[in-house]
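Structure, as structure tokens:
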Amino acid sequence: MVIIYSASWCGPCINAKKLLDSKKVNYKEIDIEEANITRGELQKLTGGATVPQIVINKNNIGGFDSLLELEQSGKLDELL
């Protein structure tokens, strides 16, 4: 299962979703503003306080840069 903690104004969030969409990955998006999740709460949930935070199979992989690095190294498919 993939979960993306995001915000509507977040460019890297959009890029992360586009990358996952291009791979036809199903994911659950949680908008931190709509869900009233503070940055402190986000850090407790994921270990990171910025958006996006991407969690794959209960492991936080970080933000878009980390997701892109996994994709470019060929390791993302292994995690999915």
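Rule-based calculations on the coordinates, nothing more; no lab input. All values reported here derive from a predicted model rather than from experimental measurement. Heads up, the Cβs are rebuilt from the backbone with ideal geometry, glycines too, and the neighbour counts pull from every protein chain shown.
The table below gives the values:
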quantity	calculated
Region 46-80: number of residues that are of a type outside the set (D, E, K, R) and in contact (Cβ under 8 Å) with a residue 40 or more places away in the chain	14
Which numbered condition LYS17 fails, given (1) farther than 12 Å from ILE4 by Cα; (2) surrounded by 11 or more Cβ atoms within 10 Å (Cβ to Cβ)	(1)
